[in-house]
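In what follows, a structure is listed as structure tokens, so that the remarks can point back to it.
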Amino acid sequence: MMLDAKVRRAQRRQVWAHRLGRNRLFRTLGPFVPVVLLWWIVAEAEVFPSAFFVGPDVVLSEFGELIRKGILPSYLSDSLIRLRNGVLFGLLIGIPAGFVVAMSYWARKLTWPLLMFFQAIADIAWLPIVIVWFGHSLTAVTFVIVYTIVFPLMISIVSGVEQVPRDLVRAARSLGASRFRVFTDVIAPGALPAVATGIRTGLGYGWRALIAAEIIIGASGIGFMMFDARRAGDVTHVFVGMIVLGVLWYALDALILAPFERSTIQRWGMVRTAEVAR
Amino acid sequence: MSTLEITNLHKEFVDVYTGETVTAVGDVSFGIEQGEFVSILGPSGCGKTTVLNIVAGFDTQTSGTVHVDGRAVDGPSPERGVVFQSFALFPWKTVLGNVIFGLRMRGVPRRERDVIAQQYLQLVGLEGFERKFPHELSGGMQQRLGVARVLANEPAVMLMDEPFASVDAQTRRKLQEELTGIFETKRPTVFFVTHDVDEAVFLADRVVVLSARPSRVSEIVTVPLERPRQWRAALDSAEFRHTVTYLTDLLAGDEPGVPADVDRA
Amino acid sequence: MAPPPSVSRPGTRLSRRLKATFWFFIPFVALAVVWIITVEMTGVAMRTFPQLNDVRDAIGDLWSTGDLFTHVGSSLRRVMIGAILAVITAVPFGILLGSNRWAAAFFSPLLRFSVALAGIAWIPLATLWLGYGERAVIFIVWNAMFFAITYNAMLGVQRIPTELWRAARSLGTPRWRMFGEVFLPGALPNVVTGLRVGLGYGWRGLVAAEVVATSSGLGYSIFQAQQFYRTDVIVAMMVIIGVLWLITDRALLAPLERRTVERWGMKAVTA
Ligand SMILES: Nc1ncnc2c1ncn2[C@@H]1O[C@H](COP(=O)(O)OP(=O)(O)OP(=O)(O)O)[C@@H](O)[C@H]1O
Ligand SMILES: [Mg+2]
């Protein structure tokens, strides 16, 4: 029957569309193909002057050049080391401090308004005084990144602990768990989604602080490379820098953040309270 | 000619994971007359919701036709109002805002729609709650609002998919009685999906029984109860009990697990 | 015996208010005391860290010379223009993407890529394209907010329960009216979140962009003070920046949330 064949074809299409859509690689990389193509066409058609806008071919060859000269790898590793140090210290300080504030009535009462206030002072505003203290050094950058990570993390942990269902705590207590065990076995894991959210928020800010610090303090790093190129009027390096930054964040997300969230939160069937773009 | 006319309705879903097709609705035909209350009864998963979704225009059939007042169904339309199990009230609109929603969409002038809204709020017993938001109402009140919202639009058919399934048992009884009351005064045409036999019989003029998948109409039972109806009187009446027993047996003989259910479409 | 139902008498409510205010300020008082004593005891030079009254004097000077209003004014103007532009471009765009499954699937990875870059990373390019000055700074604020709001608005529309779409359609809502009647209010919890996240980025982008691209504004003046090791001015500016953000949050975002999302009993999406 004519109609029947048509229906079957439509059904097959539906299945294929679904398979394609489920393929992670296709889903994430697919959309970039037409975008890069469009970029190329716009560049080739010289819609904008080439001093302002260069095509992917130029960017790619410059990218190769920068790698060959060793500039990009060394700047990249500078940026990554700063980020790593900042994040490491940020977590080491923020996680324990967050749980202390969350668990202790007095710590909470005495620090909560301050937390709110320090969170409100945009991290970049700390750069000047930090430069006064530490000069144009690695310590200065690390300090700012630590700052950006600690506060969102602490605030997330406090709200995460608050959201642990009371019944879970009661259940654990009535099953004979000590206060300490309630913390290690119920509250800490229960607050984990919040920790993940906090790390994500903190990294989002820390990442920007890093770029800002490199632009402003500037001696090396991807941010410095971009701003230096801008001063020289070299748009190609700016493009290279932005793409490297974007890819880096993607890699960070795909290789570290997402697996961490998957292995903890989703495995336990807990859904992050809110999926929010950062 | 019936108000709602369903002819040889057939619906297949594609399981996009395995690529297999599932027949949700085998071959369903029946009609609902103007001002008639018809309950659709059938075992879980037999495709009741699917039929309702197709009639509402939310989904499209694989083959077969659905006509309302002689016109083929093509997408959602205010002539087919839907009362949802989950209420589906707009949380950002007040009680009044929800009731007049459909009238506003049709461009009814403000003065006129306020009069209509008052009338329907009174009908469902929600006068005085106009300024409240849905989350400030109890479950039962929310579903009354859901009914008022649809009736205010004066649809050709009101479609209800287990509308009372998410309220407690006592409220459900009360809402059922209220619904018959409303039906008796307004005489809308109602397509009511349920798998509660008592409910189906108590409310309906006729009960359409669907078989397990691939579903077809296994029987259409006319309910011999007088209107107005009340639970107390219904439970006492032999006709009610006979009809319920009859339908219960019918459904029991058709539970999944019987070989006829195996579908290899 | 059951405790009597708590009656909130005006007196107790007032005293509760007072108590809350008291406990809100105590930590700040404590901080100030620690600050004064530490600086006094260690005797650090003003070049390194200011005494509290130096900061107070710095604020007084900034006030009386009118510099405070110039800088705060120009920064606020930039944020406001950037934010308004971002809201009127990003909200419709995000909602449009959210209302179409294919558009959402296509743009999701692109948006995630862009959110990561938004704001500060655009400073070199923005100043190259638009030159140093006002336009580059506003571009940065807009850019920092645009992607966060777009992405969150998109998620917001996708999270509207199917029943609500269906209810609206079967009550006769034409497609073009779905935008204002269902998508916008339905996505509002997420839009507010996006606005909050976006403003955070925009504010930071502003400070950074002002350092390199202009000769007025908070970012400019705080870094200017650093050149002269005026830590009193630096700290004064930091306090002002913090207070301004708190005011934005309490006076703009919180009431918006209270009047809409909370009033409607929809769960606010926590940032
Ligand atoms: N979107 C869909 N995709 C695939 N299969 C579906 C879809 N919707 C329904 N089905 C299948 O169609 C069949 C009928 O489902 P339907 O929801 O109509 O049943 P129902 O009679 O309403 O059941 P219940 O009484 O439990 O509500 C089921 O087997 C279901 O798995
Ligand atoms: Mg169903």
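The values are calculated or read from the model by the stated rules, or taken from the named source; none is laboratory data. Just so it is clear, the structure is predicted and the values come from calculations on it, not from any experiment. Quick reminder, even Gly has a Cβ in these numbers, built from the backbone with ideal geometry, and neighbours come from all protein chains shown. Each accessible area value is taken on the protein alone, full model and side chains, heavy atoms only, with ligands, DNA and RNA left out. Shrake-Rupley method; radii C 1.70, N 1.55, O 1.52, S 1.80 Å.
Is at least one residue of the stretch C:225-237 more than 16 Å from the chain's Cα centre (by Cα), buried (at least 21 other Cβ atoms within 10 Å of the Cβ) and within 14 Å of chain B (Cβ to nearest Cβ)? No; the residues of the stretch C:225-237 include none that is more than 16 Å from the chain's Cα centre (by Cα), buried (at least 21 other Cβ atoms within 10 Å of the Cβ) and within 14 Å of chain B (Cβ to nearest Cβ).
Hey, can you tell me all the residues within the stretch A:63-95 that are in a helix (DSSP H, G or I), open to solvent by less than 70 Å² (accessible area, probe 1.4 Å) and farther than 18 Å from A:GLY206 by Cα? Across the stretch A:63-95, the qualifying residues are A:GLY64, A:GLU65, A:LEU66, A:ILE71, A:LEU72, A:PRO73, A:SER74.
From the list B:PHE58, B:PHE90, the lone residue that is within 16 Å of ligand 2 (Cβ to nearest atom) and within 14 Å of chain C (Cβ to nearest Cβ) is B:PHE58. On inspection, C:GLY200 passes the criterion of being open to solvent by less than 10 Å² (accessible area, probe 1.4 Å), farther than 28 Å from B:PHE101 by Cα and without any contact (Cβ under 8 Å) to a residue 12 or more places away in the chain.
The condition (being open to solvent by 50 Å² or more (accessible area, probe 1.4 Å), over 20 Å from A:ALA194 (Cβ atoms) and touching a Leu at 6+ places or on another chain (Cβ under 7 Å)) is satisfied by just one residue among A:PHE52, A:PHE48: A:PHE52. Listed by first and then second residue, the pairs linking a residue in the stretch B:84-100 that is more than 21 Å from B:ALA165 (Cα to Cα) to a residue that is open to solvent by 20 Å² or more (accessible area, probe 1.4 Å) and within 16 Å of ligand 2 (Cβ to nearest atom), with Cβ atoms under 7 Å apart and 6 or more places separating them unless they lie on different chains, form an empty list. Each residue in the stretch B:32-49 was checked for being at pLDDT 95 or above and near ligand 2 (Cβ under 9 Å from one of its atoms), and 0 pass.
Looking for something within 14 Å of chain C (Cβ to nearest Cβ), touching a Phe, Trp or Tyr at 6+ places or on another chain (Cβ under 6 Å) and farther than 30 Å from C:ILE26 by Cα - is there at least one such residue anywhere in the stretch A:75-86? Within the stretch A:75-86, not a single residue is within 14 Å of chain C (Cβ to nearest Cβ), touching a Phe, Trp or Tyr at 6+ places or on another chain (Cβ under 6 Å) and farther than 30 Å from C:ILE26 by Cα.
Within the stretch B:215-224, the residues that satisfy the criterion of being open to solvent by 50 Å² or more (accessible area, probe 1.4 Å), in contact with a helix residue (DSSP H, G or I) (Cβ under 8 Å, 6 or more places away or on another chain) and outside any loop (DSSP other than H, G, I, E, B) are B:SER218, B:GLU219. Being within 7 Å of ligand 1 (Cβ to nearest atom), open to solvent by less than 20 Å² (accessible area, probe 1.4 Å), assigned by TED's automatic domain parsing to the domain that holds B:ASP205 and touching a residue at least 24 places away in the same chain (Cβ under 8 Å) holds for only one residue in B:GLY35, B:GLY42, and it is B:GLY42. Checking each residue of the stretch A:82-96 against the condition of being outside the structural domain of A:VAL169 (by TED's automatic domain parsing) and β-branched (Val, Ile, Thr) gives no match. Restricting attention to the stretch B:13-32, the residues that are within 9 Å of ligand 1 (Cβ to nearest atom) and in a strand (DSSP E or B) add up to 6.
Of the residues making up the stretch B:49-82, those that are closer than 15 Å to C:TRP165 by Cα, assigned to a loop (DSSP other than H, G, I, E, B) and either among the hydroxyl-bearing types (Ser, Thr, Tyr) or within 16 Å of ligand 1 (Cβ to nearest atom) (or both) are B:GLY57, B:PHE58, B:ASP59, B:SER77.
Going through (1) surrounded by 19 or more Cβ atoms within 10 Å (Cβ to Cβ); (2) more than 13 Å from ligand 2 (Cβ to nearest atom); (3) of a type outside the set (A, V, I, L, M) one by one, B:ASN53 falls short only on (2).
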